[in-house]
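**Q** Structure incoming, see below.
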Amino acid sequence: MTPQRQGVAVRLEGLSRHYGAVRALDGLDLELAPGEMVALLGPSGCGKTTALRLLAGLEDADAGRDVVDGRDLTDVPVSKRDMGMVFQAYSLFPHMTARQNVAFGLRLRGRSSAEQRSRAGEMLELVGLSSQADRYAHQMSGGQQQRVALARALAIEPQVLLLDEPLSALDAKVRVQLRDEIRRIQLDVGATTLLVTHDQEEALAVADRVGVMRGGRLEQIAAPGEIYTSPATAFVAEFVGLTNRMDGVAADGVAQVMRARIPLLPGSVASGPVSVLVRPESVEVHTQRDGEAEVVAASFLGSLGRVRVRTADGAVLLAQVPTGGAGVLQVGDRVSLALRPVPALAVSRD
């Protein structure tokens, strides 16, 4: 297979974009290291897709710069940016075979027929679709079509790979399989990659770093494990994963919550009454006839279970338990609760 070019550094500097009165991006700064995959995650309207489209050259920024491999691309047209793009819609040409679709970008660049065929074959092999080379889009599944779209994006040997919700149109099982394949291929080819997704699990599973966006700004960007275990803000803590807000009192770097002393993460409210953001897996549930809480719901989720309990003061908490525990606990059971001393973020009480 033809050796791939290594990825390049990418910088988004102070990008701003308005749509009328709506501020889609508000001075966004973002850096991607050569060969790194960064996922932008956030609710609809947070600006993640706008950031990708500005980097692609599909839209113009009101302010700021796109710098790729040290070159300012802000005013460079999309056709000259040397980027491969894969979108939610597969966007394959229906009158072309898989091989012809993959070779399309090479044909536009004036490559010989022999080179087009050879490179298309390499890329189809890379995505595991050599046997589908002569099939048309309607003869392939959604997952296969998206693999062809990925092969087409990679065929031109782009400096940067842009993935805009590439898996959201697929069913759950195919989505998991293909996300792992995309990560494998991205590592193989070494392309610097920006992934935009609303799927938390997808972002955490494949990216080197995850950026959580809100209102056109980055709330936090860090490795997936850090985003989950050490959220910088209440928004990140509650957007990524599941969180309980529990009343406590903070002092000297810890919060007293129920009978537990919870170490506080940087950025926490330092003292006084606080809400501590506790993950469900940090809540232990034990069956006890005179327990202070009551089970109000129990869910079996395959490899784990989740239980909702109501405390004596009326608060409802979510706990994550082993599968066997979820099966044993029933609505109406009395239970006792304990908190594991896992570092958490404390914020002002609403």
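Please treat every number below as a calculation from the coordinates, not as lab data. Keep in mind the model is a prediction, meaning the values are calculated, not measured. Quick reminder, even Gly has a Cβ in these numbers, built from the backbone with ideal geometry, and neighbours come from all protein chains shown.
**Q** By counting other Cβ atoms within 10 Å of each Cβ, how are THR192, THR97, THR229 ranked from fewest to most?
**A** Fewest to most other Cβ atoms nearby, the residues stand as THR229, THR97, THR192.
**Q** Let me ask something else. Using the 10 angstrom Cβ neighbour count as an exposure proxy, how do HIS198, HIS286, HIS138 rank, fewest first?
**A** HIS138, HIS286, HIS198
**Q** Now, a different point. Out of residues 5 or more away from HIS18 or on other chains, whose amide H comes under 5 Å of its own, with H placed 1.01 Å from N in the peptide plane?
**A** Those qualifying (amide H under 5 Å, at least 5 residues apart or on another chain) are ALA24, ASP62.
**Q** Return the single residue from ASP290, ASP208, ASP66 with maximal mean-square fluctuation; model: Gaussian network over the chain, springs between Cα atoms under 10 Å.
**A** Answer for the Gaussian network model of the chain: ASP290.
**Q** ³J(HN,Hα) across region 20-37 via Karplus (A = 6.51, B = -1.76, C = 1.60, θ = phi - 60°), whole Hz, x for Gly/Pro?
**A** Going residue by residue, I get x, 8, 8, 9, 6, 10, 10, x, 5, 10, 8, 10, 10, 6, x, x, 7, 10 Hz, with x marking Gly and Pro.
**Q** On C-alpha positions alone, give me the angle between the axis of helix 142-155 and the longest principal axis of the chain, in degrees, nearest 10.
**A** The two axes meet at around 60 degrees.
**Q** Residues with beta-carbon under 15 Å from that of ALA98, excluding ALA98: net charge, scoring Lys, Arg +1 and Asp, Glu -1?
**A** After counting each charged neighbour, the total is +4.
**Q** Please give the helix 98-108 orientation as an angle from the longest Cα principal axis of the chain, in degrees from 0 to 90, rounded to the nearest 10.
**A** Helix 98-108 and the main axis of the chain meet at about 70 degrees.
**Q** Sticking with this structure for a sec: Which FRET efficiency, nearest 0.05, do ARG259 and SER44 yield, Cβ-Cβ r, R0 56 Å?
**A** E between ARG259 and SER44, to the nearest 0.05, is 0.90.
**Q** How big is the antiparallel share of DSSP beta bridges in the chain, given as a percent to the nearest 5?
**A** 75 percent
**Q** Moving to a separate point now. Provide the gained length on full extension for the span LEU301 to ASP247, in nm with one decimal, where the gain is 0.36 nm per separating residue minus the Cα-Cα distance.
**A** 16.6 nm is the gain from fully extending LEU301 to ASP247.
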